[in-house]
Amino acid sequence: MSNYDDQNVFAKILRGELPCTKVYEDEHTLAFMDIMPQIDGHTLVIPKYPATTLFDLPPELAGHLLNSVQKVGKAVQVAMQHKGIVIMQLNDKSAGQTVFHLHFHVMPTSLGALSKQSHAHVMGDPAVIQQCADKIKAALAAL
């Protein structure tokens with residue numbers, strides 16, 4: 001954990017220093033909309049623990065994180081009416097990680113379609129992001 005940068009954007013979101021469009025939160029995790037989505041409904045799930053990669057997360061917290069990924073993933077599936085959900089997690093810059101706080105991408109798409117879209121290059125339409133968030137929150141409430 002010594003390499004964790006507490007000034008990364010997700011750490012700032014967790015501290016309330018930056019806004020996010022939250023869809024789910026519990027004691028151990030936070031889920032919110034990606035502001036540079038690869039697809040409508042692109043949601044991020046992060047631990048509240050300061051882990052840079054999956055390998056920095058204590059094993060006793062991994063179950064909490066995966067439970068939230070499952071819960072949010074199912075809600076994204078229902079809300080966005082897409083059976084296929086890509087759940088992606090990258091570790092280290094060499095693997096493509098751009099924010100150095102452990103996070104899972106939950107995207108209602110296929111891997112083939114995803115490979116045709118770039119990530120973190122274009123800001124999403126805030127109105128569309130909010131509409132997707134509202135649908136996902138409603139799906140979570142119904143699960």
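The values are calculated or read from the model by the stated rules, or taken from the named source; none is laboratory data. Model, not experiment: these values are computed from the prediction. FYI the Cβ positions are ideal-geometry reconstructions off the backbone, even for glycines, and counts take in every protein chain you see. The accessibility values were calculated without ligands, DNA or RNA, using every heavy atom of the protein model including side chains. Shrake-Rupley method; radii C 1.70, N 1.55, O 1.52, S 1.80 Å.
Extension gain for Leu61 to Ser110 (0.36 nm times residue separation, less C-alpha to C-alpha distance): 14.8 nm. Other residues within the sphere of radius under 11 Å centred on the Cβ of Pro47, judged by their own Cβ, net out at -2 (K and R +1, D and E -1). Of the trypsin sites (Lys or Arg not before Pro) found in the range 68-128, the ones in coil according to DSSP and having at most 12 other Cβ atoms within 10 Å of their Cβ are Lys83, Lys116. Keeping the other protein chains in place, figure out the carbon and sulfur percent of the accessible area of the chain, with a 1.4 Å probe. Solvent-exposed carbon and sulfur of the chain make up 57 percent of the total. Based on protein heavy atoms only, the range 1-93 ends up with 53 Å² per residue of surface accessible to a 1.4 Å probe.
In terms of packing, defined here as the mean over residues of other Cβ atoms within 10 angstrom, the peptides 56-63, 11-18 line up highest first as 11-18, 56-63. Charge tally for Asn67 (other residues, Cβ to Cβ under 12 Å; Lys, Arg +1; Asp, Glu -1): 0. For the chain, the relative contact order is 32 percent, taking Cα pairs closer than 8 Å that sit 6 or more residues apart in sequence and dividing their mean separation by the residue count.
Rg/Rh for the chain (Cα atoms only, Rh after Kirkwood) is 0.93. Using the Cβ of Tyr4 as centre and a radius below 14 Å, the other residues enclosed give a net charge of -1, where K and R count +1 and D and E count -1.
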